[in-house]
Amino acid sequence: MKAFLIITLLLFNPVLFFAQTSMAVRYEPFSKDSLVNFINRVSDKKITKFNSKYKKDVKAILLDRNERMVEKIKDSGFIFDSKINQYVGKIFKEISASNPSIVPSDFYFLVDKSGVPNASCYWNGIFTINLGLLNFIQSDDELAAVIAHEIAHYQLNHSENSMLRNLDLLHSKQTKKKAKAINRAHYGKNRAYLDLMEELNYNFTKRSRKDELQADSLGFVFFKKTRFQKRAFVTALENLKNADSIVFNENAQLKVHFNFENYPFKEAWLVKDEALFNIKESASDYKFDKDSMKTHPDIPLRIEVIKKMLIGTDSESKSSNDSLPEIKKRASLLVVQSAIDAKQIDFALYQTLVLYNRKEVDEKTFCAITAKLLQSIYQLKEQHKFGRYISTMSAFSDEVNLDELRQFLHNLELKNIRKIGMNFCQKHADVMGNDSDFIQVKSYFNQLNQK
């Protein structure tokens, strides 16, 4: 039973960082009782629906998922932003209005604060759209395609069917035989259990691949009934195919932003210290979940299937995307602000630099955030708390540019940060003008350099 539980588990008011150039992040639902009641109501309905031989197991799994969803809400895992909610809600409303089989009251959309471009469908009618996806899409049409795909997962009961398939595999004679052999072993039990769980997890993923093709097919049926440009279903998949090579792999241009006339950038700040590397073979911190909506099965096959379905459909002009630039900028800043609230200083600084390099945030916003982050980095080092909030680098990480920034921050000494902070503030003082928060940070670094 213990092994079963272990394997099964595989399957606040915010504090503003600075008021003038950032935005408050709301982590509490607009109606917390309404959301919790929705989750509980759907949970009870789903539990009574199952009459399989695994009814007891199903109940335990669903209640556990229920608790974890509520816990994530309490732990500030989601963003409740009226403008973004309205934007997503408007697109969902257009899809449901064109498809009578979709009952709006069956669904509840949540925006995950993650910067990874992804979306997920849960068994209880809750869909999550990551902030990173909103910054990644190129049109309303593409977001509509993603939402239609997720609705299809729900309509096809993929989550429940997958759970039952997984329970079949978990309780199979072959799995029980392997578990018994592990129990009889005198040495290496922990490693053997981990290997078994990894094998089961791979099989769970492999068996779900056809679900993605089904969700694409039904999702496109929903999608083609709307006014949205039909080819956007393909471009959404094409963009996601390239996501791994783009997300968190842009150079932050540290040598550009922290090179000053009176204090030039030092190459030693980027030298790798092997002692700082995490030698555990682990996934990258912000890496795409390889078994997320991006990869069941390979994107090229999914694209070919949809292209065949496109034959004979009308070609239309793109829908209006007037509100998308504002939404993309808002989502980007919310990713940064939520990272700051979570004290993920390295990620917040990386995202800020990249957004400015792309010209997706203005200079005043960039200067205000970066100056305050430099002040926080100095204070963390001074208080010997730096290691709590700045991740070590993994030798197995694909996040080369994010790790370069981490290495840079780890290598800096207090005397370096004092001078970098002062020179950064002096360089951008004219742009910031009378911004009171920036003036406070500038004064802070000036005083440090007078000691």
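The values are calculated or read from the model by the stated rules, or taken from the named source; none is laboratory data. Predicted model, so just to flag it, every value in this text is computed and none were measured. Note that each Cβ is placed from the backbone with ideal geometry, even for glycine, and that neighbours are counted across all protein chains shown. Accessible surface areas use protein heavy atoms only, side chains included; no ligands, DNA or RNA. Shrake-Rupley method; radii C 1.70, N 1.55, O 1.52, S 1.80 Å.
Could you check Asp106 against (1) of a type outside the set (Ser, Thr, Tyr); (2) farther than 23 Å from Asn37 by Cβ; (3) surrounded by fewer than 19 Cβ atoms within 10 Å (Cβ to Cβ) and say which number it fails?
Condition (2) is where Asp106 drops out.
In region 25-43, which residues are at pLDDT 75 or above and surrounded by 13 or more Cβ atoms within 10 Å (Cβ to Cβ)?
Matches in region 25-43: Val25, Arg26, Tyr27, Glu28, Pro29, Leu35, Val36, Phe38, Ile39, Asn40, Val42, Ser43.
Output the residue which, of all residues in region 170-196 that are aliphatic (A, V, I, L, M) and surrounded by 16 or more Cβ atoms within 10 Å (Cβ to Cβ), is modelled with the lowest pLDDT. Explain how you work it out, then say what you get.
Initially, region 170-196 is screened for residues aliphatic (A, V, I, L, M), giving 170, 179, 181-182, 185, 192, 194, 196.
Still in the list and also surrounded by 16 or more Cβ atoms within 10 Å (Cβ to Cβ): 170, 179, 182, 192, 196.
Details: Leu170: 74, Ala179: 73, Ile182: 71, Ala192: 70, Leu196: 62.
This residue is Leu196.
Check region 107-127 and report whether any residue there is modelled with pLDDT under 90 and among the charged types (D, E, K, R).
The answer is no; no qualifying residue exists.
To keep it simple, each residue is scored yes or no on (1) modelled with pLDDT under 95; (2) on the phi > 0 side of the Ramachandran plot; (3) in contact with a strand residue (DSSP E or B) (Cβ under 8 Å, 6 or more places away or on another chain); (4) open to solvent by less than 40 Å² (accessible area, probe 1.4 Å).
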residue: Leu218; (1), (2), (3), (4): no, no, no, no
residue: Lys230; (1), (2), (3), (4): yes, no, no, yes
residue: Ala236; (1), (2), (3), (4): yes, no, no, yes
residue: Lys241; (1), (2), (3), (4): yes, no, no, no
residue: Ile246; (1), (2), (3), (4): yes, no, no, no
residue: Asn249; (1), (2), (3), (4): yes, no, no, no
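All but one of (1) open to solvent by less than 50 Å² (accessible area, probe 1.4 Å); (2) in a loop (DSSP other than H, G, I, E, B); (3) over 20 Å from Met422 (Cβ atoms) hold for Phe265, so report the exception by its number.
Every condition holds for Phe265 apart from (3).
Residue by residue, here is whether (1) open to solvent by 20 Å² or more (accessible area, probe 1.4 Å); (2) assigned to a helix (DSSP H, G or I) holds:
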residue	(1), (2)
Leu334	no, yes
Tyr350	no, yes
Tyr356	yes, yes
Val361	no, no
Lys364	yes, yes
Thr370	no, yes
Leu380	yes, yes
Ser391	yes, no
